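Enquirer: Shown below is the structure under consideration.
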């Protein structure tokens, strides 16, 4: 594998085609193609981008939100289905690595997930958010340690986490310990409870992504979605709902391993792609000052244990794969 140390990356700041699996995949492919045309080697999408984040869970009583449940389930993506194959084919055709935030449907349950697409190996690797946050737990199940990983690629070592996985110190340290060089931080839009819950807002959660870059001495691509009028109309029936879920909320950004911003932000209500040129070589300069899992660590005092075994409702003697990764075969083979 020939390593590439200097290249362009892209962060998405855009709304999906809400509650529309096929439409969201079509839009994703358009953004993938645009990023590739403009020279990017890696593109990162927001949390739950396909088919959108379930904001209704935060707006009203569970009984009111049941109207969205079946449509949401029907438009969630399976990790290896036709739509996922289309996304991987787009990554291959455009020779671009993709981190896709999506809602994964498996059996009768949904999971917050990210799909990592490697065009060189033609491989798609899914992961699930370890712990859904607050009322998300009324919609989603939990992941396990079997897909908590950093990918070794020709672009370096690339990892992914979703939303408030970034405020859990053990999650972060485990990723740092796998010598992550480029990190994908997938977030929803920061529109919810704007001005009412500082912990859910753009300022503090953008700071979380920035601190991740500084702590881990890695590049961070933070991708967020946008609340549009069309999506607000689908989600909100009352003025109280609209007050709790205003428009905008986009705050995508790219940070260097010293925590510095590497691009100009878009407006909170603006859709588009943010780009930055990165060079993995500068990580050595950052880690010369403080390598959190090397010379600046105290393994004799603190250690983090990661259980990477898969969890299943059915236990037995049948062998279980530690990876759900799959390949799209080359027709020429």
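The values are calculated or read from the model by the stated rules, or taken from the named source; none is laboratory data. This one's a predicted model, so the numbers in the text were calculated from it and none came from an experiment. Cβ sites come from the backbone with ideal geometry, for glycine too, and all protein chains shown count toward neighbours.
Enquirer: Which condition from (1) in a loop (DSSP other than H, G, I, E, B); (2) within 19 Å of the chain's Cα centre (by Cα); (3) free of Cβ contacts under 8 Å to residues at least 40 places away in the same chain is the one that residue 220 breaks?
Expert: (1)
Enquirer: If a residue must be within 17 Å of residue 133 (Cβ to Cβ) and in a helix (DSSP H, G or I), how many such residues does segment 182-205 contain?
Expert: Final tally of qualifying residues: 6.
Enquirer: So, one more: Within segment 43-74, how many residues turn out to be surrounded by fewer than 18 Cβ atoms within 10 Å (Cβ to Cβ), touching a strand residue (DSSP E or B) at 6+ places or on another chain (Cβ under 7 Å) and not in a helix (DSSP H, G or I)?
Expert: 0
Enquirer: Check residue 303 against each of (1) at negative phi; (2) within 25 Å of the chain's Cα centre (by Cα) and name the one condition it does not meet.
Expert: In the conditions (1) at negative phi; (2) within 25 Å of the chain's Cα centre (by Cα), residue 303 misses (2) alone.
Enquirer: Could you tell me whether any residue of segment 191-208 is farther than 30 Å from residue 239 by Cα and modelled with pLDDT of 95 or more?
Expert: yes
Enquirer: Only one residue in 267, 298 is out of contact with any helix residue (DSSP H, G or I) (no Cβ under 9 Å at 6 or more places or on another chain), surrounded by fewer than 13 Cβ atoms within 10 Å (Cβ to Cβ) and either over 24 Å from residue 145 (Cβ atoms) or in contact (Cβ under 8 Å) with a residue 60 or more places away in the chain (or both), so which one is that?
Expert: 267
Enquirer: Now for a different question. Return the only residue of 259, 216, 281 being modelled with pLDDT of 95 or more and surrounded by fewer than 11 Cβ atoms within 10 Å (Cβ to Cβ).
Expert: Details: 259 fails: surrounded by fewer than 11 Cβ atoms within 10 Å (Cβ to Cβ); 216 fails: surrounded by fewer than 11 Cβ atoms within 10 Å (Cβ to Cβ).
The conditions single out 281.
Enquirer: Does residue 190 qualify as being under 26 Å from residue 265 (Cα atoms), out of contact with any helix residue (DSSP H, G or I) (no Cβ under 7 Å at 6 or more places or on another chain) and in contact (Cβ under 8 Å) with a residue 24 or more places away in the chain?
Expert: When the stated conditions are applied, residue 190 does not pass them.
Enquirer: So which residues in segment 238-261 are part of a loop (DSSP other than H, G, I, E, B), in contact (Cβ under 8 Å) with a residue 60 or more places away in the chain and at negative phi?
Expert: 245, 250, 251, 252
Enquirer: Scanning for something within 30 Å of residue 93 (Cβ to Cβ), in contact with a strand residue (DSSP E or B) (Cβ under 7 Å, 6 or more places away or on another chain) and surrounded by 11 or more Cβ atoms within 10 Å (Cβ to Cβ), does segment 231-239 turn up at least one residue? Quick ask: steps written out before the conclusion?
Expert: Within segment 231-239, the subset within 30 Å of residue 93 (Cβ to Cβ) is 231.
Checking the rest, the ones that are also in contact with a strand residue (DSSP E or B) (Cβ under 7 Å, 6 or more places away or on another chain) come to none.
No: segment 231-239 contains no residue that is within 30 Å of residue 93 (Cβ to Cβ), in contact with a strand residue (DSSP E or B) (Cβ under 7 Å, 6 or more places away or on another chain) and surrounded by 11 or more Cβ atoms within 10 Å (Cβ to Cβ).
Enquirer: Tally up the residues in segment 127-163 that are surrounded by fewer than 16 Cβ atoms within 10 Å (Cβ to Cβ), at positive phi and in contact with a strand residue (DSSP E or B) (Cβ under 9 Å, 6 or more places away or on another chain), please.
Expert: Of the residues in that region, 0 qualify.
Enquirer: Within segment 166-174, identify whether any single residue is part of a loop (DSSP other than H, G, I, E, B) and at positive phi, and answer yes or no.
Expert: no
Enquirer: State all residues of segment 79-120 that are in a loop (DSSP other than H, G, I, E, B) and either under 16 Å from the mean Cα position of the chain (by Cα) or under 21 Å from residue 37 (Cα atoms) (or both); if no residue qualifies, say none.
Expert: 79, 95, 96, 119, 120
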